[in-house]
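This report concerns only the one structure given below.
The values are calculated or read from the model by the stated rules, or taken from the named source; none is laboratory data. Everything numeric in this text was worked out from a predicted model, so none of it was measured. So basically every Cβ, Gly included, is an ideal-geometry build from the backbone, and we count neighbours across all protein chains shown. Only protein heavy atoms, including side chains, enter the accessible area calculation; ligands, DNA and RNA are left aside. Shrake-Rupley method; radii C 1.70, N 1.55, O 1.52, S 1.80 Å.
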Amino acid sequence: MQTNTQTNRRFAAQLPKNLAANIAYFLANVVIGVLLVPYFINTLGVAAYGLIPLATSVTGYVAIVVQSLNTAVSRFLTVDLQREDYEAANKTFNTALLGLTAVILLMVPIVLAVAYFAPSIFHVPTGQETGAILLFLGVSAAFLIRSWSGNFTVQLFAYNRLDLGPVSDLSR
């Protein structure tokens with residue numbers, strides 16, 4: 001069994017690697033985002049390119065609700081895991097998973113309806129209706145999948161809370 005000192009040393013050794021990987025991931029996203037804008041404008045045109053931020057902002061509003069649910073779950077799951085009450089942690093996780101799955105399944109018909117009527121709702125240019133439907137379906141499907149997968153990252157958050165460990169031991 002590991003002692004707290006051994007765990008803190010491993011954590012201190014792993015932290016710079018994790019920080020470097022997260023910075024690299026962030027920079028890669030920035031570069032991809034900067035390079036995609038000219039590609040989309042040249043490929044889609046200015047009018048159709050305007051649909052991309054619109055589609056992502058619509059899903060962004062719904063993401064706020066899902067993030068709030070994941071935050072609430074992570075609080076209770078963190079408490080259960082820190083107390084090493086794995087039975088309660090399983091109940092918390094399973095309840096959250098089934099609840100969010102039900103919410104997502106209820107959202108699917110709404111997503112399909114919004115995607116189908118997107119060309120008339122947002123006045124899409126003629127000839128680009130199918131592309132707009134596919135764009136809204138793709139962005140919404142990616143959002144729903146990401147929302148559902150958020151349940152599986154909650155326990156990683158709960159186990160890797162920096163504020164729960166003794167900070168003074170990290171400096172050794």
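Measuring with a 1.4 Å probe in the full set of protein chains, what accessible area per residue, in whole Å², belongs to the chain? Could the numbers behind the result be given before it?
Values: 11920 Å² over 172 residues.
That works out to 69 Å² for each residue.
Considering the values [x] 0.94; [y] 1.00; [z] 1.10, which represents Rg/Rh (Cα atoms, Kirkwood Rh) as calculated for the structure under consideration?
Computing Rg/Rh (Cα atoms, Kirkwood Rh) and matching it to [x] 0.94; [y] 1.00; [z] 1.10 gives [z].
Among LEU27, LEU135, LEU51, whose mean-square fluctuation peaks in a Gaussian network model of the chain (Cα, cutoff 10 Å)?
Greatest mean-square fluctuation among the candidates belongs to LEU27.
Please give the FRET efficiency for ILE23 paired with ALA47, using the beta carbon to beta carbon distance and R0 = 35 Å, rounded to the nearest 0.05. Before the final figure, lay out the partial values.
Working: r = 36 Å, r/R0 = 1.03.
Once the sixth-power term is evaluated, E becomes 0.45.
Which residues in the range 23-57 place their backbone N less than 18 Å from a point set 7 Å from the Cα of HIS123 along the Cα-to-Cβ direction?
Only 46-55 fall inside the zone, counting backbone N under 18 Å.
Using a 1.4 Å probe over the heavy atoms of the protein chains, calculate the carbon and sulfur portion of the accessible area of the chain as a whole percent.
Details: 8190 of 11920 Å².
Percent of accessible area from carbon and sulfur atoms in the chain: 69.
Work out how much length LEU156 to THR5 would gain on full extension: take 0.36 nm times their residue separation and subtract the Cα-Cα distance, in nm to one decimal. Can you show the working numbers first?
On the way: separation 151, 0.36 × 151 = 54.36 nm, distance 2.10 nm.
Gain on extension, LEU156 to THR5, equals 52.3 nm.
Between PRO119, PRO38, PRO16, which gets the highest mean-square fluctuation from a Gaussian network model of the chain, Cα cutoff 10 Å?
Among PRO119, PRO38, PRO16, the largest mean-square fluctuation in the Gaussian network model of the chain belongs to PRO16.
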